[in-house]
1. Restricting the first residue to the stretch 52-79 and requiring it to be in contact (Cβ under 8 Å) with a residue 40 or more places away in the chain, which pairs with a second residue that is surrounded by 10 or more Cβ atoms within 10 Å (Cβ to Cβ) meet a Cβ separation below 7 Å and a spacing of at least six or different chains?
2. Looking at (1) at pLDDT below 55; (2) touching a helix residue (DSSP H, G or I) at 6+ places or on another chain (Cβ under 9 Å), which one does Leu80 not meet, given that it meets all the others?
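The values are calculated or read from the model by the stated rules, or taken from the named source; none is laboratory data. Please read all numbers here as calculations on a predicted model, not as lab measurements. All Cβ positions, glycine included, derive from the backbone under ideal geometry; neighbour counts span all protein chains shown.
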Amino acid sequence: MSRATVRVQDLYRAGLPSEVIREVIPCIGPEPPQDEDVCAALVDRVRHIRDQLAYQERQLAERREMLERYLSGAATPTGLAATARASHPSCSPAPDHEVRLPE
């Protein structure tokens with residue numbers, strides 16, 4: 001496998017879309033483009049993609065934490081009346097974060 005192929009596969013694994021990878025290839029090749037601004041702009045674009053991934057990771061962590069709070073009983077979803085949980089035991093959080101399925 002060529003070194004260029006390995007680099008492209010690494011870029012895919014890093015989460016870069018193919019359109020960005022096509023633009024990056026000249027900047028990682030043996031002969032960089034004459035216009036250095038092209039590669040600098042691509043670095044900025046890759047940083048932006050990285051920042052977007054970090055933002056999405058934070059959002060997922062917040063959502064996961066909220067689900068954990070719901071499942072543990074530490075929080076109640078907005079609009080869910082306490083009486084609904086009392087009258088429907090299957091809606092109550094199960095111990096040890098297990099999900100109870102209705103029978």
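1. Final answer for the pair search is none.
2. Of everything listed in (1) at pLDDT below 55; (2) touching a helix residue (DSSP H, G or I) at 6+ places or on another chain (Cβ under 9 Å), Leu80 misses just condition (1).
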